[in-house]
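Student: Please read through the structure below; I'll follow up with questions.
The values are calculated or read from the model by the stated rules, or taken from the named source; none is laboratory data. Given the structure is predicted, the values throughout are model-derived calculations rather than measurements. Note: ideal-geometry Cβ built from the backbone for every residue, glycine included; neighbour counts use all protein chains shown. Please note that ligands, DNA and RNA were not included when accessible areas were found on the heavy atoms of the full protein model with its side chains. Shrake-Rupley method; radii C 1.70, N 1.55, O 1.52, S 1.80 Å.
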Amino acid sequence: MFSTEFIAFDSCTPQKAVTNDDLSLLVDTTDEWISTRTGIRERRISEGENTSDMCIKVAKGLLKKSSVSAEDIDLIIVATITPDFATPSTACMVQSAVGAVNAFAFDVSAACSGFVFAAGIADKYIRSGMCRNAIVIGAETLSKIVNWRDRTTCVLFGDGAGGALLSRSERNCYIAEDMHSDGSLGMQLTGGEAKVRNAFADPEEPDRRYLEMDGRTIFSFATRKVPASIRTLLEKASLTPDDIDWVVPHQANSRIVEVVAKKLDMPPEKFFMNIAKYGNTSAASIPIALAQMSDEGLLKKGQKVIISGFGGGLTWGSAIIEI
Ligand code: 4VN
């Protein structure tokens, strides 16, 4: 068996920052309401850049930071629910743009858990000896599926991409994982529906293209499942909360993270938060956070970090990684 090490992190977000005050001109809301309920102060919104454009910048950044050559990449996975196309996959667009001619590439659809699930897949390919180097990206242009007339959702989401380069290593830096789905709750968080419309089928209902969620259901799901998942994860790894240097949760809502920290009896300072600047970027939120932490020198070699994604599907998954 082989082991997986995280070699580099990188991110890319659109230039345009949209503040809560900017949004209060579009829908009936206030900076006060948004920031106290969610912790969000601004988010980046695409002025035309699509998901693949941000992913390509992240992949190029990862190759540069790791000094791995494009030909040595064996696997590219993009986790997204807002791809440019159904086909080609975003990952194949990345492959072509960076010249990773020896890689196989595909997208993963697991909403806010997408990056964690995709990192788990890449780890298995590396661990088994089938791949040496993998690029894993979480990326969303959620502004494509946000209903800009719905004040309950349009204030929550943002656009961006982040990723990691994972390589075969002597050091085992993917320590444990705990992954779950509960499709029976799937309709509590929906978006991007494409109904069957053809010469033989003509549904009366319109497509539910826009992101819709039952906020209370999702909030209570997250505050129940995330602490349980992190407890299971620590047990699997024979570690205690004190052994963990950082928790990097999906940036869905700062109040959820406060509840999770309290339930786990862990200091909230260990939970990295940047939702104030980026809002909820679904699959991109964890790798954007990891890249920021790495760039700011917050991640030190040997530190143990829990990443925890939760959301659409419904899905939730956590992993302990060592830097
Ligand atoms: C995971 C979660 C959320 C989420 C759920 C609820 C919520 C985000 C509801 C109450 C509302 C403020 C906002 Cl837990 C979203 C996703 C999707 O990525 C995943 N915010 N809120 C209020 O009235 O206070």
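Student: Rg(Cα) of the range 66-134 divided by 2.2 N^0.38 Å? Mind showing how you got there, number by number?
Tutor: Working: Rg = 11.9 Å, N = 69, 2.2 N^0.38 = 11.0 Å.
Here the answer is 1.08, to two decimals.
Student: Let me ask another. Find the accessible area per residue for the chain; the probe is 1.4 Å, ligands and nucleic acids are left out, and the unit is Å².
Tutor: Numbers: 14150 Å² over 323 residues.
Per residue, the chain has an accessible area of 44 Å².
Student: If you don't mind, another one. Test of understanding: given the chain, find the longest segment containing no GluC sites (Glu not before Pro) that are in a DSSP loop and have at most 11 other Cβ atoms within 10 Å.
Tutor: Values: sites that count: GLU47, GLU170, GLU204, GLU296.
Longest gap between qualifying sites, sites excluded: 48-169.
Student: Would you calculate the separation in nanometres between label points at ARG255 and LEU185, each defined as 7 Å from the Cα along the Cα-to-beta-carbon direction?
Tutor: Between ARG255 and LEU185, the simple spin-label model gives 1.7 nm.
Student: Under a straight-distance cross-link criterion of Cα-Cα below 15 Å, which aspartates and glutamates are reachable from LYS263, leaving out those fewer than 8 residues away in the same chain?
Tutor: List returned: ASP242.
Student: Please compute the modelled spin-label separation between ASP84 and ASP265, points set 7 Å along Cα→Cβ, answer in nm with one decimal.
Tutor: Result: 5.1 nm between the two label points.
Student: Next up: What pairs from LYS57/LYS277; LYS60/LYS270; LYS16/LYS57; LYS144/LYS301; LYS124/LYS262; LYS225/LYS304 go past 28 Å between their alpha carbons?
Tutor: Details: LYS57/LYS277 20 Å; LYS60/LYS270 30 Å; LYS16/LYS57 17 Å; LYS144/LYS301 38 Å; LYS124/LYS262 33 Å; LYS225/LYS304 21 Å.
Exceeds cut-off: LYS60/LYS270; LYS144/LYS301; LYS124/LYS262.
Student: Name all residues of the range 82-123 having a backbone nitrogen under 13 Å from the label point set 7 Å from the Cα of SER169 along its Cα→Cβ direction, giving them as ranges.
Tutor: Answer for the range 82-123: 123.
Student: Shifting gears a bit: For the range 238-323, what's the relative contact order in percent, using C-alpha pairs closer than 8 Å and at least 6 residues apart?
Tutor: On the way: 119 pairs, mean separation 29.6, N = 86.
Once normalised by length, the contact order is 34 percent.
Student: Rounded to the nearest 0.05, what FRET efficiency do ASP243 and ASP295 give with R0 = 25 Å and r taken as the Cβ-Cβ distance? Could you check?
Tutor: Details: r = 25 Å, r/R0 = 0.99.
About 0.50, to the nearest 0.05.
Student: Evaluate the distance, in nm, between pseudo-label points positioned 7 Å from the Cα of ARG127 and of THR232 along their respective Cα→Cβ axes.
Tutor: 1.5 nm
Student: Let me understand the chain better: what is its radius of gyration from the alpha carbons, and its Dmax, in angstrom?
Tutor: Just the Cα atoms of the chain yield Rg and Dmax of 18.9, 61 Å.
Student: Once the convex hull of the C-alpha atoms of the range 175-322 is built, how many Å³ does it hold per residue, rounded to a whole number?
Tutor: 134 Å³
Student: Taking only DSSP H segments of four or more residues, each worth -39500 (n - 2.57), what value at 222 nm results for the chain once the sum is divided by all its residues, to the nearest 500 deg cm²/dmol? Please list the in-between numbers first.
Tutor: On the way: 9 runs with 99 residues, N = 323.
The helix contribution divided over the chain gives -9500 deg cm²/dmol.
Student: Above 20 Å lies some portion of the pair distances; for the range 227-286, what is it as a whole percent of all C-alpha pairs? Mind showing how you got there, number by number?
Tutor: On the way: 450 of 1770 pairs.
Value for the range 227-286: 25 percent of Cα pairs lie more than 20 Å apart.
Student: Across the range 3-170, what fraction of all alpha-carbon pairs, as a whole percent, falls in each successive 5 Å bin from zero upward?
Tutor: For the range 3-170, the pair-distance distribution reads 1, 10, 17, 20, 17, 12, 9, 7, 4, 2, 0.
Student: Top to bottom by accessible area (1.4 Å), largest first, where do PHE117, PHE200, PHE9 land?
Tutor: Working: PHE117 40, PHE200 195, PHE9 15 Å².
Putting PHE117, PHE200, PHE9 in descending order of accessible area: PHE200, PHE117, PHE9.
Student: Which whole-number percent is the relative contact order of the range 3-170 (Cα, under 8 Å, 6+ apart)? Don't skip to the answer; put the middle values down first.
Tutor: Working: 367 pairs, mean separation 57.9, N = 168.
Once divided by the residue count of the range 3-170, the mean separation gives 34 percent.
Student: Using Cα pairs closer than 8 Å and at least 6 residues apart in sequence, work out the relative contact order for the chain, in percent.
Tutor: Details: 795 pairs, mean separation 84.2, N = 323.
For the chain, the relative contact order is 26 percent.
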